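The values are calculated or read from the model by the stated rules, or taken from the named source; none is laboratory data. In this text, all values refer to a predicted model and were calculated from it rather than measured experimentally. Cβ placement follows ideal geometry from the backbone for every residue including glycine, while neighbour counts extend to all protein chains displayed. Ligands, DNA and RNA are stripped out before the accessible areas are found, and what is left, the full protein with its side chains, is counted by its heavy atoms. Shrake-Rupley method; radii C 1.70, N 1.55, O 1.52, S 1.80 Å.
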Amino acid sequence: QKRVSPTPPAVCVLFPVSRATPFYAEHPLLLEMHAEFASRGVRWEAVLDAWLGGDRPEARLRQLVAARPHVCWILFSVPERVQQWFATSGLPVMALGSCSPTLKLPSVDLNYDAVGWHVAGTLIRQGHKLIALILPADPLAGDGACRAGFFRYLKQQTENVTVIEWNAPDQPERC
């Protein structure tokens, strides 16, 4: 005889941003996932918390998890420290976005190494010799993979290309 759990299935999507950040609500993959979970009767909760982007998110993570037992956690573009915490937590979790290469979390993402390779190839074929590679102030794993693919392509080139790397400030208006 099959037992029905008294707790309905639920997912909690974790974002390391403040509630004032609108981008997450319109992300096509998140919209699709939300609709699919809803069609299957799975409760969906979005947890937006800028503290998770800080240097020591562990105490906040313990609070969030304790308040939400029996959920599967979906990590959306979270920093490596948050990924590390979940990797050792024993909780059901998956990452939307690139994981640190040293961590073993199930994840779904683009192949950012291939994206970097393609960008470098396109710029070289168009004749660019001076290229600025602009990354976020606090790059995530996907940013690092993109950078690696970019430079891997450039290593095979015989042409003289200069690359200037720049980490953009957190607030674009400061650029």
Hits in the stretch 58-81 - residues which are part of a loop (DSSP other than H, G, I, E, B) and within 17 Å of Pro139 (Cα to Cα): Ser77, Val78, Pro79
Tally of residues being assigned to a loop (DSSP other than H, G, I, E, B) and either hydrophobic (A, V, I, L, M, F, W, C) or at pLDDT 90 or above (or both) across the stretch 21-48: 3
Total residues in the stretch 115-161, condition in contact (Cβ under 8 Å) with a residue 12 or more places away in the chain, of a type in the set (D, E, K, R) and over 23 Å from Gln83 (Cα atoms): 3
Selection from the stretch 118-155 of residues that are open to solvent by 90 Å² or more (accessible area, probe 1.4 Å), more than 22 Å from Pro16 (Cα to Cα) and either modelled with pLDDT under 90 or in contact with a Phe, Trp or Tyr (Cβ under 7 Å, 6 or more places away or on another chain) (or both): Arg152
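Out of all the residues in the stretch 34-93, which are among the aromatic types (Phe, Trp, Tyr), closer than 14 Å to Leu14 by Cα and open to solvent by 40 Å² or more (accessible area, probe 1.4 Å)?
Trp44, Trp51, Trp85
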Residue count, the stretch 94-103 (criterion: closer than 14 Å to Val13 by Cβ and open to solvent by 40 Å² or more (accessible area, probe 1.4 Å)): 1
Residue in the stretch 86-108 that is closer than 21 Å to Cys146 by Cβ and assigned to a helix (DSSP H, G or I) present: no
